[in-house]
Ligand code: ZN
Ligand code: ZN
Ligand code: FE
């Protein structure tokens, strides 16, 4: 006889781990106990050593679906003579347990809310140990009811008995609730007057939406604006009110079958839609769908994709079932502000946007947006990491001190490292509004509070003017910069558990370079504790600097002026007014506010402008996206010449001059934009292969916002594979600036030894 003691670390609380161990011990017919400790789950069992060994293996293998085991310790000791098996009260100690993300409604709960005989029939806050809110309701850890926003609700007798019964699916389900004791919904008008409560509120909301009203709905991590997706009038009204001309809206569908009638859905995409994370999945629109009158063309104009999701809370399930049609479900905010979380704030901030407000009285502890993923090169790629993913950590190969990274400027996130874990915050957004800055500060203090961690140093972007840099420097802690594009490559290394040496390709819009130019088309050799910029795109000037980010036509003028005296000849004639052109040309000639840039994003802008696809960006990356979409469905291996100039030594220069000349020739002979776009993309992929071949590193990391472009990412990956390289794309950390913060930490820990 022996006694086995196991300590299990990771996401092991609030996922039904103890009842699972209880049942497992029962089936092995062994005695002992299990309990939650601050650091994880501890258990002891007694029996024959061989049985204990098999039991230990079974714990790890058959663990509850939502649990994540990061570490397990096992110790074989002398038996003490346990009789029976018990779940013991939680103990204290060092806090190591992971906070779980919010999890979409499980099938069992769904069945209950649809069952007229069940006491939770049509109850919008039904949840259990396998599903429901977590991160969005936690104020502090350990994760117990008093530490959540459910603390104000007292469980009724029935709920409490479920909560205390180890054999029940709701054993220690902290947000457990029912119609008798839990939160409820209310429908308000713009003045905050209550129009209806509970089920009547739900039914009236559904009929208002079917009537063409726009309703602000308080969900899990914030408000959505929900409106009928089939009506052009409604969608246009929503665009007008939100101040959003063409940026696509996300959709929520009542069922995945209905999604399949509008979009191409692969097996992997279907699994993502139905996953516990339940993100927005970008899917290709079906050209052949017979029910074209069911979706307004204003949802994602000029875009071959739709961003779709399934209901992920009981409230959304019930609402969508009642409506029976797809709805627009866009975040409840004005253009680029963070999502609104509180009903008082919503009535103030969204009163011009929504006709009605469907609210509830379960407070939201922090804003958590819908995540966005797409399948690229046969694998999931997270483009916006928030609900369902945050705040789970990414594991790092090396242990680190407590370090905080403050991220970039757009699509900002924060990251905090403790030991081997890099915790990535939920998406915060563009740091351009006071609301975003406020949200940023809140996430910063809450991430430290949640993990009881005080950073020893701070990592920030090199850009001196970023707000994220300012806060890092003002924190009073030792602060160190990491170059933006190095951080991109590092985020992909962290995401894929890679170690040097390798070649990193970092292509995006803009980032502060170390040589006085704006970078964005970079190649790095990453070695053990060194980084070398081995190649980059040829630079050109951006008249007006930041303004060129908004106006692709400026980039076009800047680039073309590098090779022509009459650059505007190659841009559609109606793009500039005469005076504008004179001013911009003078700026370029006198080198006034016209910084040089090697940005790949800006090169996309140039081509997009030359083809007349986009002259002014409404949102980041729009011109590049339109160029990508132009190539959708084109199959060709044709490309343009992108020459690698090695005459001056490293960094080598990828020179676009002949590529641009080829494009001008194609435009002149009337070649279709789709073909020109495909050839352009192909040339870029070949450019990467040519650098990779000369560098000789087997692994080629593809990072930066440009690799959200499916055509570019897949074309490059395929070409690299064909030549014997291993292309590595992003996975759970976004390739865009949402990945900068974790990348900064990886860089600080792995590449810069002496800081
Ligand atoms: Zn459930
Ligand atoms: Zn109850
Ligand atoms: Fe970037």
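The values are calculated or read from the model by the stated rules, or taken from the named source; none is laboratory data. Note that the coordinates shown come from a computational prediction; the quantities given were computed from them, not determined experimentally. Because the Cβ atoms are built from the backbone with ideal geometry, glycine has one as well, and the counts that use them run over all protein chains shown.
Restricting attention to the stretch 105-126 and to residues that are within 12 Å of residue 313 (Cα to Cα) and in a helix (DSSP H, G or I), the residue that is farthest from ligand 1 (Cβ to nearest atom) turns out to be 113. Just one of the numbered conditions (1) surrounded by fewer than 18 Cβ atoms within 10 Å (Cβ to Cβ); (2) within 14 Å of ligand 2 (Cβ to nearest atom) is not true of residue 120: (1). Quick check on the stretch 127-142: of everything there that is crowded, with 22+ Cβ neighbours inside 10 Å and part of a loop (DSSP other than H, G, I, E, B), which residue is nearest to ligand 2 (Cβ to nearest atom)? Per the stated criteria, the residue is 127. Total residues in the stretch 516-543 satisfying the condition of being at pLDDT 95 or above and in a loop (DSSP other than H, G, I, E, B): the figure is 5.
Taking residue 691, is it in the same structural domain as residue 600 (by TED's automatic domain parsing) and in contact with a helix residue (DSSP H, G or I) (Cβ under 8 Å, 6 or more places away or on another chain)? The answer is no for residue 691. Considering only residues that are closer than 16 Å to residue 14 by Cβ and in contact with a strand residue (DSSP E or B) (Cβ under 9 Å, 6 or more places away or on another chain), which ones fall in the stretch 149-201? Across the stretch 149-201, the qualifying residues are 149, 162, 166, 168, 169, 170, 171, 172, 173, 174, 175, 176.
Here's the yes/no breakdown for (1) within 20 Å of the chain's Cα centre (by Cα); (2) crowded, with 18+ Cβ neighbours inside 10 Å; (3) touching a residue at least 60 places away in the same chain (Cβ under 8 Å); (4) not in a helix (DSSP H, G or I):
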site	(1), (2), (3), (4)
426	yes, yes, yes, yes
432	yes, no, yes, yes
446	yes, yes, yes, no
472	no, yes, yes, no
481	no, yes, no, yes
493	yes, yes, yes, no
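Can you pull out the residues in the stretch 301-336 that are in a loop (DSSP other than H, G, I, E, B) and at pLDDT below 95? Within the stretch 301-336, 301, 302, 303, 304, 332, 333, 334, 335, 336 qualify. The number of residues in the stretch 11-43 being within 39 Å of the chain's Cα centre (by Cα) and not in a helix (DSSP H, G or I) comes to 16. When the residues of the stretch 733-748 are filtered to those that are out of contact with any helix residue (DSSP H, G or I) (no Cβ under 6 Å at 6 or more places or on another chain) and under 11 Å from residue 494 (Cβ atoms), the one that is nearest to ligand 1 (Cβ to nearest atom) is 741. Taken together, 130, 118 contain a single residue that is out of contact with any strand residue (DSSP E or B) (no Cβ under 7 Å at 6 or more places or on another chain), more than 16 Å from ligand 3 (Cβ to nearest atom) and at pLDDT 95 or above, which is 118. Inside the stretch 495-516, residues that are crowded, with 18+ Cβ neighbours inside 10 Å and within 22 Å of residue 654 (Cα to Cα) make up a count of 12. Between 611, 581, 560, the distinction of being over 25 Å from residue 485 (Cα atoms), touching a residue at least 40 places away in the same chain (Cβ under 8 Å) and not assigned by TED's automatic domain parsing to the domain that holds residue 703 belongs to 560 only.
Every residue, every condition in (1) more than 30 Å from residue 489 (Cα to Cα); (2) surrounded by 24 or more Cβ atoms within 10 Å (Cβ to Cβ), yes or no:
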residue: 526; (1), (2): no, yes
residue: 550; (1), (2): no, no
residue: 564; (1), (2): yes, no
residue: 578; (1), (2): yes, no
residue: 591; (1), (2): yes, no
residue: 604; (1), (2): no, yes
residue: 624; (1), (2): no, yes
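Identify all residues within the stretch 26-59 that are touching a residue at least 60 places away in the same chain (Cβ under 8 Å) and in contact with a helix residue (DSSP H, G or I) (Cβ under 7 Å, 6 or more places away or on another chain); write none if there are none. Across the stretch 26-59, the qualifying residue is only 36. Filtering 282, 319 for residues that are surrounded by 17 or more Cβ atoms within 10 Å (Cβ to Cβ), touching a residue at least 60 places away in the same chain (Cβ under 8 Å) and more than 23 Å from the chain's Cα centre (by Cα) leaves a single hit, 319.
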